[in-house]
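The values are calculated or read from the model by the stated rules, or taken from the named source; none is laboratory data. Since the structure is predicted, the reported quantities are computational estimates derived from the model, not experimental observations. FYI the Cβ positions are ideal-geometry reconstructions off the backbone, even for glycines, and counts take in every protein chain you see.
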Amino acid sequence: MTSVDLEFEQLNSTVDALRRSISNRLMYGVGKDAVTAQPRDWLHAAELAVRDRLVARWMKTTRQQYEQDVKRVYYLSMEFLIGRTFTNALLALGIHDEVRDALAGLGIDLNTLENLEPDAALGNGGLGRLAACFLDSMATVGIPGFGYGIRYEYGMFRQTIVDGNQVETPDYWLRAGNPWEFPRPEVNYVIHFGGSTVRHGDRTEWIDTEHVNAMAYDTVIPGFATTATNTLRLWSARATDEFDLSAFNQGDYRRSVEAKNTSEHVSRLLYPDDSTQAGRELRLRQEYFFVSATMQDLIRRYQRTHTHFGRLAEKVAVHLNDTHPVLAIPELMRLLVDTHHLPWDKAWKLVQQMFSYTNHTLMPEALETWDVEMLSRLLPRHLEIIFDINADFLKQVGEKFGRDVDLIRRISLVDEYGQRRVRMAHLAIVASHTVNGVSKLHSQLMTQNIFADFARMYPDRFTNVTNGITPRRWLSQASPKLSSLIDERLGPRWRTDLFELGRLREWRDDPEFSKAFHDAKFASKVRLAARAKLETGAIIDPNALFDLQVKRIHEYKRQLLNILHVIVRYNRIREAPEKAWTPRVVMFAGKAASAYKMAKTIIKLINDVAEKVNNDPLIGDRLKVGFIPNYGVSVAELIIPAADLSQQISMAGTEASGTGNMKLALNGALTIGTLDGANIEICDAVGRENMFIFGHSTEEIDALRATGYRPRRIYEENPELKLALDQIRLGHFSPDQPHRFYDIFHTLVDWGDHYMVLADFESFDKAQADVDAKFLDKEAWTRSAIENVAGMGIFSSDRTIAEYAKHIWHVEPLSVTS
Ligand code: 26Q
């Protein structure tokens with residue numbers, strides 16, 4: 001390596017300079033001129049011009065991290081749901097208007113380009129989006145944090161609705177190239193699979209393995225209004241050179257290329273969360289592939305500035321976003337003990353000081369486990385290490401609690417009932433110094449239920465860090481009108497100190513502010529109505545109440561409760577169309593995992609009900625129902641600002657936190673919700689009088705279960721509910737196939753109604769009546785909407801990250817000098 005002083009240009013960001021940069025990038029970067037350039041080429045050129053302005057900051061941050069020998073956070077996640085980057089980067093750099101004007105000078109409309117960028121949809125839902133919000137906050141707060149994950153070629157599938165059914169198409173998001181990533185072919189690690197182990201004295205060797213390479217791609221993560229810039233490093237699978245050589249020797253060209261291709265499958269696609277464990281071998285390969293590359297990278301980076309491992313835990317924190325990356329634990333043990341010859345006890349101590357783990361689910365059936373037989377075939381050395389960890393652990397359990405066979409069976413890392421399986425959450429807890437849940441309720445239930453034994457074993461290990469969302473994307477970027485109204489009153493500081501929003505309460509009774517607030521929301525509703533008309537021809541009235549339920553389709557989230565209520569409302573309007581109905585547009589959006597049959601049937605039911613309701617002349621504008629296809633980050637940015645009502649109606653005790661609830665409240669929607677997940681904390685922050693709380697609490701649900709829950713009785717005793725359910729059962733909405741929704745009916749009425757939809761119906765209906773009444777009182781509604789925005793300070797992911805940094809990772813923000 002030489003170190004000459006590079007004579008690169010310092011780029012400034014005046015409109016003139018930007019126009020020149022974009023022109024240069026179009027010519028020399030994209031290879032087009034103004035005559036041949038398509039809109040996509042212009043987007044690419046503009047992206048490169050913006051990226052150039054990020055790179056100098058990025059180099060500087062990296063250098064300063066290195067010089068200050070800071071402690072680094074490795075945030076390991078199988079999912080990063082980034083969405084688009086262009087607008088976000090423009091706002092972070094504070095050059096949005098300048099780039100708009102520069103492009104206008106070239107005859108190009110910025111907004112058109114912005115909408116051409118594909119989403120980086122490398123995640124399923126909440127967990128993946130949380131990781132993306134965390135990257136934004138770590139950079140903005142100045143925490144030296146690296147995101148690590150997989151560079152899937154196919155992200156979350158694209159959803160279209162055909163005849164009311166979900167149809168999935170592959171999302172090849174890299175088709176037009178990805179200007180935000182830098183390939184790093186020199187950062188390359190060998191990942192081993194299969195083979196067997198041999199012992200040489202007290203050493204173990206893993207032999208006869210097959211290999212694949214992991215190659216790094218780096219994405220710049222700009223902090224907002226700071227020079228601090230972080231890195232998201234994603235691994236892509238490449239066949240090793242041996243493939244080429246052995247092919248050459250054997251002369252079987254076709255087979256060798258096929259084998260090469262197969263070995264690269266490992267980073268091909270994102271697995272959907274089917275909540276019922278698919279147990280696919282390729283998923284296990286993915287998990288190991290990415291954590292092995294990451295642990296090797298971690299060690300290499302540490303060794304660049306240290307000669308022994310004594311200070312490893314002082315310099316590195318590793319965070320597990322759920323159990324998906326948990327194999328990082330045995331992998332780091334293997335590297336330290338087998339490769340770097342550290343004694344087991346010393347290595348284990350380091351590991352325990354480095355790792356922390358966030359749990360995102362309370363449902364026991366959703367906890368990840370892997371078949372012992374599969375592990376022994378794919379990762380024999382890791383299975384040995386896990387067994388050794390387990391033996392030490394169970395010994396400690398015995399020392400603490402005596403010989404309690406049932407306890408040992410429950411708490412063991414290996415589930416011995418039936419086919420033996422490794423419980424990944426147990427491994428994560430045993431190896432981590434801190435385990436956190438994602439809302440107060442979730443953290444509390446976690447230690448009372450699924451991890452109760454562990455909470456007795458390690459009482460100090462469990463804590464809570466309530467989730468948050470980045471206000472840069474979810475208010476500043478998504479809702480420009482509301483943002484500039486807030487700027488007028490508060491100045492721009494709320495973007496980095498969300499508690500500033502509390503000052504909006506000063507104007508909650510000011511008619512002028514109230515009107516401006518209402519107008520800003522109205523503008524977002526008009527924007528959505530225009531898009532709906534453009535894309536589907538549907539005419540919706542922006543004066544109606546916009547009621548949104550947007551999230552993955554899952555039985556526990558209870559889209560069924562919502563649609564049942566829509567049916568009851570529909571029947572009521574038909575009975576008495578002359579009454580003063582509050583006009584409503586009920587919108588659903590969300591994807592169903594492709595293997596989750598019930599979720600797909602729910603989508604079909606929503607669309608069948610929409611078809612009937614929307615085409616009934618008796619109903620008119622009083623009620624409209626819509627399913628917005630292809631929910632994802634960009635669709636969310638469009639529709640969330642337009643919501644009046646946010647449906648957060650999961651059965652209490654099932655939604656770990658929820659983050660959509662925060663995004664909607666931050667945009668001035670009022671929540672109708674259960675006392676579940678972060679809804680409870682939202683309620684504390686904005687005031688119960690500004691929400692519509694309904695339904696059984698967790699304790700009440702437990703009590704109801706204990707005394708014997710009989711959904712059929714509710715069905716029989718509530719005539720309106722009975723009518724709606726019978727309509728579902730008898731094909732009122734599916735005359736072409738009357739039995740289509742047979743399973744939905746019986747799930748609710750006869751098969752136990754696991755998520756207590758019927759039990760909460762009456763209370764939901766009452767809350768909905770309050771919603772209708774309140775919406776007619778515009779002043780009262782807007783006042784509550786303002787209270788919602790004003791109370792959201794605590795839900796900034798900057799606060800969440802500050803808590804992780806202080807209480808879990810023990811890292812300090814980098815002092816960046818410009
Ligand atoms: C596991 C094994 C095999 C294949 C897929 C999976 C898998 C993938 C994704 C399992 C779970 C997920 C995603 C879970 C998720 O998004 N959980 C949500 O996390 C949010 C952030 O903490 C919470 O707000 C939500 O309450 C929680 O549901």
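Report yes if ARG175 is of a type in the set (Lys, Arg) and either more than 30 Å from ARG84 (Cβ to Cβ) or assigned to a strand (DSSP E or B) (or both), otherwise no. Before you say what the answer is, go through the steps one by one.
Details: of a type in the set (Lys, Arg): yes; either more than 30 Å from ARG84 (Cβ to Cβ) or assigned to a strand (DSSP E or B) (or both): no.
Answer is no for this residue.
Could you list all residues from the range 420-438 that are touching a His at 6+ places or on another chain (Cβ under 8 Å) and either more than 14 Å from the ligand (Cβ to nearest atom) or polar (S, T, N, Q) (or both)?
THR434
Scan (1) of a type outside the set (Val, Ile, Thr); (2) outside any loop (DSSP other than H, G, I, E, B); (3) within 29 Å of VAL438 (Cα to Cα) for the single condition HIS754 breaks and write down its number.
HIS754 satisfies every listed condition except (2).
Check every one of the helices (runs of 4 or more DSSP H) wholly within the range 472-579 and list those with 3 or more residues that are buried (at least 22 other Cβ atoms within 10 Å of the Cβ). Don't jump to the end; show me each part of the working.
Values: elements: 480-490, 511-536, 559-575.
The helices (runs of 4 or more DSSP H) meeting that bar are 511-536, 559-575.
So, of the residues in the range 520-564 that are of a type in the set (Asp, Glu) and more than 30 Å from SER657 (Cβ to Cβ), which turns out to be nearest to the ligand (Cβ to nearest atom)? Reasoning before the result, please.
Quick first cut of the range 520-564, residues of a type in the set (Asp, Glu) only: 535, 541, 547, 555.
If we keep only those that are more than 30 Å from SER657 (Cβ to Cβ) too, we end up with 535, 541.
Details: GLU535: 27, ASP541: 32 Å.
Going through the qualifying residues, I end up with GLU535.
Please tell me if GLU399 is surrounded by 22 or more Cβ atoms within 10 Å (Cβ to Cβ), charged (D, E, K, R), out of contact with any Asp or Glu (no Cβ under 6 Å at 6 or more places or on another chain) and in a helix (DSSP H, G or I).
Working: surrounded by 22 or more Cβ atoms within 10 Å (Cβ to Cβ): no; charged (D, E, K, R): yes; out of contact with any Asp or Glu (no Cβ under 6 Å at 6 or more places or on another chain): yes; in a helix (DSSP H, G or I): yes.
Against the criterion (surrounded by 22 or more Cβ atoms within 10 Å (Cβ to Cβ), charged (D, E, K, R), out of contact with any Asp or Glu (no Cβ under 6 Å at 6 or more places or on another chain) and in a helix (DSSP H, G or I)), GLU399 does not qualify.
Is there any pair linking a residue in the range 191-217 that is more than 15 Å from ARG381 (Cα to Cα) and touching a residue at least 60 places away in the same chain (Cβ under 8 Å) to one that is basic (Lys, Arg) and surrounded by fewer than 16 Cβ atoms within 10 Å (Cβ to Cβ), with Cβ under 9 Å and at least six apart or on different chains, and which?
Between residues of the range 191-217 that are more than 15 Å from ARG381 (Cα to Cα) and touching a residue at least 60 places away in the same chain (Cβ under 8 Å) and residues that are basic (Lys, Arg) and surrounded by fewer than 16 Cβ atoms within 10 Å (Cβ to Cβ), the close pairs are ALA216/ARG184; TYR217/ARG184.
State all residues of the range 8-48 that are closer than 21 Å to THR85 by Cα and of a type in the set (Gly, Ala, Ser); if no residue qualifies, say none.
SER13, SER21, SER23, GLY29, ALA45, ALA46
Could you list, in sequence order, all residues of the range 662-678 that are under 20 Å from LEU504 (Cα atoms) and either of a type outside the set (Val, Ile, Thr) or within 14 Å of the ligand (Cβ to nearest atom) (or both)?
Result: MET662, LYS663, LEU664, ALA665, LEU666, ASN667, GLY668, ALA669, LEU670.
Hey, among GLU205, GLU168, which residue is in a strand (DSSP E or B), over 27 Å from the mean Cα position of the chain (by Cα) and modelled with pLDDT of 95 or more? Explain how you work it out, then say what you get.
Numbers: GLU168 fails: over 27 Å from the mean Cα position of the chain (by Cα).
Of GLU205, GLU168, the one residue that is in a strand (DSSP E or B), over 27 Å from the mean Cα position of the chain (by Cα) and modelled with pLDDT of 95 or more is GLU205.
Going by what's in this entry, would LEU375 be described as more than 16 Å from the ligand (Cβ to nearest atom) and surrounded by 17 or more Cβ atoms within 10 Å (Cβ to Cβ)? Full working, then the answer.
On the way: more than 16 Å from the ligand (Cβ to nearest atom): no; surrounded by 17 or more Cβ atoms within 10 Å (Cβ to Cβ): yes.
Criteria not met by LEU375.
Can you find, within the range 97-115, the residue that is surrounded by the most Cβ atoms within 10 Å (Cβ to Cβ) among those that are in a helix (DSSP H, G or I) and among the β-branched types (Val, Ile, Thr)? First the steps, then the outcome.
From the range 97-115, those in a helix (DSSP H, G or I) are 97-105, 110-114; that's our starting set.
In the following step, the residues that additionally are among the β-branched types (Val, Ile, Thr) were identified as 99, 112.
Numbers: VAL99: 26, THR112: 12.
So, considering only residues that are in a helix (DSSP H, G or I) and among the β-branched types (Val, Ile, Thr), the one surrounded by the most Cβ atoms within 10 Å (Cβ to Cβ) is VAL99.
Considering each of VAL15, VAL50, VAL30 in turn, give the residue that is modelled with pLDDT of 95 or more and within 26 Å of GLY142 (Cβ to Cβ).
VAL50
Restrict the check to the range 126-143 and report whether at least one residue is out of contact with any Gly (no Cβ under 8 Å at 6 or more places or on another chain) and either without any contact (Cβ under 8 Å) to a residue 40 or more places away in the chain or more than 16 Å from the ligand (Cβ to nearest atom) (or both).
yes
Take the residues in the range 439-458 that are within 16 Å of the ligand (Cβ to nearest atom), within 15 Å of PRO364 (Cα to Cα) and among the polar types (S, T, N, Q), then tell me which one is surrounded by the fewest Cβ atoms within 10 Å (Cβ to Cβ).
ASN449
Of the conditions (1) at pLDDT 95 or above; (2) small (Gly, Ala, Ser); (3) outside any helix (DSSP H, G or I); (4) within 12 Å of GLN166 (Cβ to Cβ), ALA599 clears all except one; give me its number.
(3)
Going through THR87, THR61 one at a time, which residue ends up being more than 16 Å from the ligand (Cβ to nearest atom) and under 26 Å from the mean Cα position of the chain (by Cα)? Let's see the steps before the verdict.
On the way: THR61 fails: under 26 Å from the mean Cα position of the chain (by Cα).
Every option except THR87 fails the conditions.
Looking at the structure I just gave you, is THR782 of a type in the set (Ser, Thr, Tyr), surrounded by 22 or more Cβ atoms within 10 Å (Cβ to Cβ), in contact (Cβ under 8 Å) with a residue 24 or more places away in the chain and not in a loop (DSSP other than H, G, I, E, B)?
In short, no.
Kindly indicate which of VAL435, VAL430 is among the β-branched types (Val, Ile, Thr), within 27 Å of VAL316 (Cα to Cα), in contact with a strand residue (DSSP E or B) (Cβ under 7 Å, 6 or more places away or on another chain) and surrounded by 15 or more Cβ atoms within 10 Å (Cβ to Cβ). Lay out the reasoning, then the answer.
Working: VAL430 fails: in contact with a strand residue (DSSP E or B) (Cβ under 7 Å, 6 or more places away or on another chain).
Going through VAL435, VAL430 in turn, the sole match is VAL435.
Go through (1) surrounded by fewer than 17 Cβ atoms within 10 Å (Cβ to Cβ); (2) in contact with a Ser or Thr (Cβ under 6 Å, 6 or more places away or on another chain); (3) among the aromatic types (Phe, Trp, Tyr) one by one and return the number of the condition TYR302 breaks.
TYR302 satisfies every listed condition except (2).
Among (1) assigned to a helix (DSSP H, G or I); (2) out of contact with any Gly (no Cβ under 8 Å at 6 or more places or on another chain), where does ALA636 come up short?
Checking ALA636 against (1) assigned to a helix (DSSP H, G or I); (2) out of contact with any Gly (no Cβ under 8 Å at 6 or more places or on another chain), the one that fails is (2).
Is the range 347-364 home to any residue that is away from the ligand (no atom under 13 Å from the Cβ) and at pLDDT below 95? Step through it out loud before you land on a result.
Our first condition is that a residue be away from the ligand (no atom under 13 Å from the Cβ); within the range 347-364, this holds for 347-356, 364.
Then drop every residue that is not at pLDDT below 95, which leaves 364.
The answer is yes; a qualifying residue exists.
Find all pairs meeting these conditions: Cβ atoms under 7 angstrom apart; at least six residues apart or on different chains; first residue within the range 575-595 and in contact (Cβ under 8 Å) with a residue 40 or more places away in the chain and closer than 17 Å to GLU720 by Cβ; second residue outside any strand (DSSP E or B) and of a type in the set (D, E, K, R).
TRP581/ARG622
In the range 305-318, what residues are without any contact (Cβ under 8 Å) to a residue 12 or more places away in the chain and either within 33 Å of the chain's Cα centre (by Cα) or surrounded by 14 or more Cβ atoms within 10 Å (Cβ to Cβ) (or both)? Give the steps one after another, and end with the answer.
Kept after step one, since they are without any contact (Cβ under 8 Å) to a residue 12 or more places away in the chain, are these residues of the range 305-318: 306-308, 310-311.
HIS306, ARG311 - these are the residues of the range 305-318 that are without any contact (Cβ under 8 Å) to a residue 12 or more places away in the chain and either within 33 Å of the chain's Cα centre (by Cα) or surrounded by 14 or more Cβ atoms within 10 Å (Cβ to Cβ) (or both).
A quick yes/no check of all residues on (1) under 23 Å from the mean Cα position of the chain (by Cα); (2) within 14 Å of the ligand (Cβ to nearest atom); (3) modelled with pLDDT under 90; (4) within 20 Å of ARG420 (Cα to Cα):
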| site | (1), (2), (3), (4) |
| --- | --- |
| GLU258 | no, no, yes, no |
| HIS265 | no, no, no, no |
| ARG268 | yes, no, no, no |
| LEU282 | yes, yes, no, yes |
| TYR288 | yes, yes, no, yes |
| ALA293 | yes, no, no, no |
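How many residues does the range 339-365 hold that are surrounded by fewer than 19 Cβ atoms within 10 Å (Cβ to Cβ) and in a helix (DSSP H, G or I)?
Residues meeting the conditions: 9.
Hey, among ILE744, ILE808, ILE728, which residue is in contact with a Phe, Trp or Tyr (Cβ under 7 Å, 6 or more places away or on another chain) and surrounded by 14 or more Cβ atoms within 10 Å (Cβ to Cβ)? Full working, then the answer.
Working: ILE744 fails: in contact with a Phe, Trp or Tyr (Cβ under 7 Å, 6 or more places away or on another chain); ILE808 fails: in contact with a Phe, Trp or Tyr (Cβ under 7 Å, 6 or more places away or on another chain).
Selected residue: ILE728, the only one of ILE744, ILE808, ILE728 that is in contact with a Phe, Trp or Tyr (Cβ under 7 Å, 6 or more places away or on another chain) and surrounded by 14 or more Cβ atoms within 10 Å (Cβ to Cβ).
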